[in-house]
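This report refers to the structure that appears directly beneath it.
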Amino acid sequence: MKKITLLFILFLGILNSHAQVLLTNNFDTTLGWTTTTMTNDAGTTVAAWSRKTTGVAPNCSPFSGAGMAKFDSYDVTAGGTGRLTSPIIAFAGLDYRVRFNMYRDSGYSTNADLIKIYVNSTNTLTGATLLETYRRPINLAPVETTEGWHEYIANLPAATTGNQYIIFSGTSAYGNNIYIDQISVEQIPSNDGQLASIGLNSFYTAGQNTIAGVIKNLGSTTINSIDVNWQLDSGSIHTQTVSGLSIANNQSYNFTHQDAWNGTPGQYSIKVWISNINGAGADTNATNDQIIKTIYVVNEIYPKTTVYEEGTGTWCGWCVRGHVGLKDMLHNHQDDTFIGIAVHNNDPMVVTAYDAAIGTFISGYPSGIMNRVHSDVDAGLSALEDAYTKEIARVPLAKVNIQNQNWNPTTRVASFDAVATFALDIPNANFNLAAVIVENGVTGTATGYAQTNYYNSNSIDIIDWEGINWRNLGNPIPAATMVYNHVGRALLGGFGGVQGSIPTSLTYNAPYTYSFSYTLPATQNEVNTELVVLVIDNVSGEIINARAVNLDTTLKANSFTKNDVNVYPNPSTGIVHVDTDEAVNISIIDILGKTVYTANNVTKEKAIDLAHLQKGVYIAKMTGAMGSFSKKLILK
């Protein structure tokens, strides 16, 4: 259980090798420390730091407990500063550090919002000693590979003594807000090794793989030897004693374990940890000694496509950047490895459910998510390319395709099958299939279709790959000339996909099919319509892989209808017939999506023997020259 806010823990000495903690603040009940003020965009004086239970811009929750501290850099123009100052602390001439957690995100990646940590004998910055500087975007120093909470340590000068204040000073670069939590001012412990990172990917192909990582010494005692251990699932523990070291406080050491692991296709949990510093056994802080990671070994590497979903709106003057960014990305990546979807907000093209879902990820407009992994990826080309490069390098667990398209020009119903195939056996799978209907070339005459353009009113050039400078298109860009592409028109299966559309036990290279259908409104141009299918990890919410194709309007509606095709008898004891005038290919699919029987060129004269199948419910899918049709079949 966490201690109460501003709990002072005073020890007469250091017991059981635990370091002395002078002050903690977890922001669970109050801000506790004092804050200065700043002036926000609206010209209002606001507290520079405040206590929050939930975070926006970026969206986050406290590191632990009920609260965290926020520096308001999102609503303050660039250059605005504000301090968060501790109560006075009595230091006893030992070596001390400030330990805390900070939320790092990838939004506004060039906006270097930052905090600086100082120590001073007064509660001002005059004459203060700078300890460390930490920037909010993960691509800026100190660089991190993932968004989220990260622990940082700032050491005070050696043998600090007397009454001092710890000061967190924030500086806004007009990017996202900065959140911190779990501050501890404490004596530097004697032994505190940290497993800072491990060089393990999430996906591998079969073969020998090394385990490497970074050890950091957060203790006062130089590390001369240390044990590095790893274990795959519940298998053997591999331990290597690394000696002959000299890792001083705050210094790091890169290791490669002597024992490689042999990957065979499957899903594994690997644990890596450090122990026995200088032969003295466990260290003071065991919470930073190990890292556990889930890894997959695939049978083959499938082609990968990334998806960027952008929050945009005709009212958003900076969203012109998204029009140019998506246009240039699709021009630069004509190999089907990039899909851009414009998710509109508060304008005539809004899809309420899609807009609401994207809104939980982003903190402003224009912004979006790449494969639903990197939140708040700016819609400008440089940020898109950076996020795309990271995602395209990740080995996909599955590939997905679109088959059996059908288009009925009379009813305006488009139907198609999403087919997912996985690169390994997964016995405990949790994936969904989803689809998005996208339209290009959208225009409108109402004023809501005019695009606000701050690049024009601020005289800022923004030039796309064709050489068009959108600065010169007016503000707003008139509805009569504005064309919207990549517009998300409908979510099929919901934002998270259809539950149960992919079975929970998966076999390598087996196709798993789910059928979608959608009625295009009369106002939507079917010729400019795209079908996008997604494989979604139902645990993380990430898009594993995707596929986009144009709606094929040359395909006619199914020749099969409920009136002219039938499977009988139904229910059946095993022998069934297909009542059709056209020869068809038939597949029998069980409730897990596995095809358990196939036959080609079946006519009404040919009986099908399914007596070998277990009793239950199946889908009989029939495909012929004029389309496809599915029928529920019960075997009793």
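At-a-glance table
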item	result
Residue list for region 265-317, restricted to those being aliphatic (A, V, I, L, M) and either out of contact with any strand residue (DSSP E or B) (no Cβ under 8 Å at 6 or more places or on another chain) or open to solvent by 40 Å² or more (accessible area, probe 1.4 Å) (or both)	280, 282, 286, 291, 292, 301
Subset tally (residues that are open to solvent by 60 Å² or more (accessible area, probe 1.4 Å) and within 28 Å of the chain's Cα centre (by Cα)) for region 404-430	4
Test: residue 382 is under 26 Å from residue 177 (Cβ atoms), outside any loop (DSSP other than H, G, I, E, B) and of a type in the set (Ser, Thr, Tyr)	yes
Some residue of region 145-161 being open to solvent by less than 10 Å² (accessible area, probe 1.4 Å), modelled with pLDDT of 95 or more and under 28 Å from residue 52 (Cα atoms)	yes
Selected residue (criterion: farthest from residue 266 (Cα to Cα)) from residues of region 516-554 that are among the aliphatic types (A, V, I, L, M) and part of a loop (DSSP other than H, G, I, E, B)	522
Residues that are over 28 Å from the mean Cα position of the chain (by Cα) and more than 11 Å from residue 229 (Cα to Cα), drawn from region 262-276	262
Subset tally (residues that are outside any loop (DSSP other than H, G, I, E, B) and open to solvent by 80 Å² or more (accessible area, probe 1.4 Å)) for region 595-608	3
Criterion violated by residue 399 - all others in (1) touching a helix residue (DSSP H, G or I) at 6+ places or on another chain (Cβ under 6 Å); (2) not in a helix (DSSP H, G or I) satisfied	(1)
Matching residues in region 311-322 - criterion: being under 20 Å from the mean Cα position of the chain (by Cα) and either over 17 Å from residue 441 (Cα atoms) or without any contact (Cβ under 8 Å) to a residue 12 or more places away in the chain (or both)	311
Given (1) touching a residue at least 60 places away in the same chain (Cβ under 8 Å); (2) farther than 21 Å from residue 398 by Cβ, number of the condition residue 325 does not satisfy	(1)
Looking only at region 89-126, and only at residues there that are polar (S, T, N, Q) and at pLDDT 95 or above, the one that is surrounded by the fewest Cβ atoms within 10 Å (Cβ to Cβ)	126
Matching strands (runs of 3 or more DSSP E) fully within region 29-84 where at least 1 residues are among the basic types (Lys, Arg) and crowded, with 17+ Cβ neighbours inside 10 Å	49-52, 68-71
Total residues in region 236-264, condition exposed (fewer than 13 other Cβ atoms within 10 Å of the Cβ) and on the phi > 0 side of the Ramachandran plot	1
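Okay, residues lined up against (1) in a helix (DSSP H, G or I); (2) at pLDDT 95 or above:
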| site | (1), (2) |
| --- | --- |
| 456 | yes, yes |
| 461 | no, yes |
| 472 | yes, yes |
| 475 | no, yes |
| 480 | no, no |
| 514 | no, yes |
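The values are calculated or read from the model by the stated rules, or taken from the named source; none is laboratory data. Since we're looking at a predicted model, the values are computed, not measured. A quick note on method: Cβ atoms are made from the backbone with ideal geometry, for glycine too, and the neighbour counts reach across all protein chains shown. In case anyone asks, the SASA skips ligands and DNA or RNA and just uses the protein heavy atoms, side chains included. Shrake-Rupley method; radii C 1.70, N 1.55, O 1.52, S 1.80 Å.
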